[in-house]
Amino acid sequence: MIPGAAAPGGALPPLVPPLEILRLEPEEADELLGALEAGVPVAPTLVEVPLVAKATALVFGDTHGDWRSSEAIAARFLARPNSSYLIGLGDYVDRAPDDCAEGSVANALYLLQLVARYPGRVLLVKGNHELHRLLPVLPHDLDTEVDELWGPDVRRYARLAGLLERGPLAVRTSSGAYLAHGGFPRVAKGVPVAAAFERLTEDQIVDIVWGESGASRSHRGVSAPFTERELKAYLAALGGTVFLRGHDPDLNGKAVFDNRCLTLHTSRIYERMGGVLFAQVPLDRPIRDLEDIGVEHLETEGKEFEAPA
């Protein structure tokens, strides 16, 4: 167990680390799901993070079941939870590394426990893999992993999927950062951007979780790639200066669009495409561009671990 990770005030049972999640009995898994259903808040579609004195947001990209990397970034947050935020950019499930058995389940349940313990400070933005029930994705391993761990039970999978769906679609910081999995909603002229999040259409949700950058060489064809001009106009309308996203390993760690757009991946399955990265986003002062944001390589990069027994 990570030191200091017990629930504040004893409101929730002690944090169950990923390795112990994999060893839970079905009844224990149901008990954990019940605690999370009681403790994980349903976030608004757009979460606003205010200016906070001497505070930083630790922002991580797609982990895709790499719970070992999630533990590493969580340890940094837990070392100073009162002066930092932890924000994920989506895709916490599917495509887990070989040394992370049932990685989708372990990663999701581990991160959701942090949300329950630190509501408002730990935010799990939804990616396209969290919205599989809206628009199916491949591969999708979460349902199979649930069955392999605790036996066939469609309700248990639905409960876990429902918890992941409680996260926001995007985060905006008062310091100037917009954070989402893929892109941003295309809004009709004259419609306030923040207000648009209160009544998103399905096409706009697809733009957010499937959105692709025109700077990328990879295009899935689900949503039209956004251009530099579109991004700058969107940020200006939102009152922001930079966009941090996941979804696109081709751009991992690369600043594009006049130093306004940065893509992050925090999974070892994509480390050959830029590394296992996270960013430190200031919350106590205005962000001019990506030069004001620190990007680091996580210590799990380049490491392989013994597979769980």
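In whole Hz, with x marking every Gly and Pro, tabulate ³J(HN,Hα) for segment 132-146 from phi via Karplus 6.51 cos²θ - 1.76 cosθ + 1.60, θ = phi - 60°.
4, 6, 8, 9, x, 10, 10, x, 10, 9, 4, 5, 5, 5, 4
State, as an integer percentage, the relative contact order of the chain based on alpha-carbon contacts under 8 Å between residues 6 or more apart.
Averaging sequence separation for qualifying contacts and normalising by length gives 21 percent for the chain.
Quick one: 250, 258, fewest Cβ neighbours within 10 Å first, how do they rank?
Listing 250, 258 from fewest to most nearby Cβ atoms yields 258, 250.
Say R0 is 25 Å: what FRET efficiency, to the nearest 0.05, do residue 174 and residue 224 get from their beta-carbon distance?
That gives a FRET efficiency of 0.25.
Multiply the residue separation of residue 254 and residue 48 by 0.36 nm, subtract the distance between their alpha-carbon atoms, and state the gained length in nm to one decimal.
Computed gain between residue 254 and residue 48 is 71.6 nm.
Can you give me the C-alpha center-to-center distance between segment 111-168 and segment 220-289, rounded to a whole angstrom?
Segment 111-168 and segment 220-289 have Cα centres spaced 24 Å from each other.
Beyond a 28 Å Cα-Cα separation, which of these cross-linked pairs lie in this structure: 254/303; 232/303; 232/254; 54/303?
Check vs 28 Å cut-off fails for 232/303; 54/303.
Regarding the chain, what are the three Cα extents along the principal axes, ordered largest first, in Å?
Over the chain, Cα extents along the principal axes are 53, 41, 38 Å.
Plugging the Kirkwood radius over Cα pairs into Stokes-Einstein for segment 223-309, at a temperature of 37 °C and a viscosity of 0.692 mPa s, what D comes out in µm²/s?
In µm²/s, the coefficient is 229.
Starting from the 7 Å offset along Cα-to-Cβ, what nm value, one decimal, do you get for the label separation of residue 144 and residue 201?
3.6 nm
Among 261-271, 212-222, what's the highest-first ranking by average C-beta atoms within 10 angstrom per residue?
The peptides rank, most packed first, as 261-271, 212-222.
Over 23 Å apart: what share of the alpha carbon pairs of segment 147-244 falls there, rounded to a whole percent?
In whole percent, the long-distance tail amounts to 35.
Once every DSSP H run of n ≥ 4 in the chain is given -39500 (n - 2.57) and the sum is divided by its residues, what mean residue ellipticity at 222 nm do you get, rounded to the nearest 500 deg cm²/dmol?
When only DSSP H runs of four or more count, the value is -8500 deg cm²/dmol.
Laboratory data are not the source of any read-out in this text; all were calculated from the coordinates shown. All of these numbers come straight from a predicted model, not from anything done at the bench. No Cβ is skipped: glycine too gets one built from the backbone with ideal geometry, and neighbour counts run over all protein chains shown.
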